[in-house]
Amino acid sequence: MRHLAAAGLGMFSLLAAAPALAAPGKSSGDFEESHAYWSNGQLPATFHLTITMTVDGDTVSYRGVNSTDRDHPHVATWSGKLDGKRYAFDGGYFDHMALMKTGPDEFMIEKYRNGDLVVGEFWRYTAEGDEWVRHGVVARAAADGTSKSYIETFRRTKK
């Protein structure tokens with residue numbers, strides 16, 4: 001009887017913990033650009049980007065508001081499973097995306113247009129700085145025909 005009680009208690013503990021396991025991770029939240037570098041030297045002096053990242057199990061979601069042009073902010077959103085497969089994406093410039101987990105709190109994001117990889121990004125969350133760091137490359141297939149690499153850091157704005 002004691003074994004049944006222990007087993008029941010163990011099962012209850014697992015069920016009670018299940019919602020906590022499914023909750024968004026510590027890296028989820030609102031962040032603001034605190035540093036940016038573009039290899040082509042064309043980073044606008046007024047560059048301003050805020051993001052909301054949500055890491056929930058095998059899914060990552062992103063919402064970015066680029067308010068460099070305060071009169072015409074650009075909002076970009078995407079969400080996907082971290083399985084490395086290409087999925088259709090209705091995001092304007094990109095038509096497919098693939099997301100893959102590459103390590104603890106590290107992700108690779110590939111953005112495609114007409115079958116061509118046009119942006120590759122590596123995202124890493126650092127708990128020490130409570131920030132996201134994005135390294136990326138825009139291929140020559142960019143809208144303006146140029147290419148560049150970039151690194152951007154985003155610090156948490158709300159706890």
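Placing a label point 7 Å from the Cα of LYS26 along the Cα-to-Cβ direction, the residues of region 97-122 whose backbone N falls under 16 Å from that point are 104-106. Once backbone amide H atoms are built at 1.01 Å from N, ARG113 has ASP95, VAL118 as its partners under 5 Å, excluding neighbours fewer than 5 places away on the same chain. For the pair ALA127 and VAL65 in one chain, pulling the backbone fully straight at 0.36 nm per residue adds 20.0 nm over the alpha carbon distance. Heavy-atom accessible surface of PHE107, to the nearest 10 Å², is about 10 Å², with a 1.4 Å probe and all protein chains retained.
For LYS26, a cut-off of 29 angstrom between C-alpha atoms picks up these lysines, skipping any fewer than 8 places away in its own chain: LYS81, LYS85, LYS101, LYS111, LYS158, LYS159. Remark: the Cα gyration tensor places region 21-129 in the oblate category, a/c being 1.5 or greater and a/b not exceeding b/c. Computed with every protein chain present, the accessible area of LEU117 is close to 80 Å² [probe 1.4 Å]. Annotation: per residue accessible area for region 116-159 equals 53 Å², rounded to a whole number [probe 1.4 Å, protein chains only]. With 0.36 nm allotted per residue and the present C-alpha distance subtracted, the ASP83-ALA45 stretch has 10.0 nm of extension available.
Per-residue SASA remark: MET97, around 10 Å² accessible (1.4 Å probe; ligands, DNA and RNA not included). Calculated over region 67-159, the projected area of the Cα convex hull averaged across directions stands at 7.2 nm².
Global dimensions of region 66-111 from alpha-carbon coordinates: Rg and Dmax equal 13.1, 39 Å. Once phi is turned into ³J(HN,Hα) by the Karplus curve 6.51 cos²θ - 1.76 cosθ + 1.60 with θ = phi - 60°, what whole-Hz value does each residue of region 31-46 show in order, with x for glycine and proline? Result, rounded to whole Hz: 9, 10, 4, 10, 7, 8, 9, 10, 5, 7, x, 9, 5, x, 4, 9. Annotation note: GluC sites (Glu not before Pro) in region 64-159 located in DSSP loop regions with a Cβ neighbour count of at most 10 within 10 Å are GLU128.
The values are calculated or read from the model by the stated rules, or taken from the named source; none is laboratory data. Given the structure is predicted, the values throughout are model-derived calculations rather than measurements. Note that each Cβ is placed from the backbone with ideal geometry, even for glycine, and that neighbours are counted across all protein chains shown. For accessibility, only protein heavy atoms count, side chains too; no ligands or nucleic acids. Shrake-Rupley method; radii C 1.70, N 1.55, O 1.52, S 1.80 Å.
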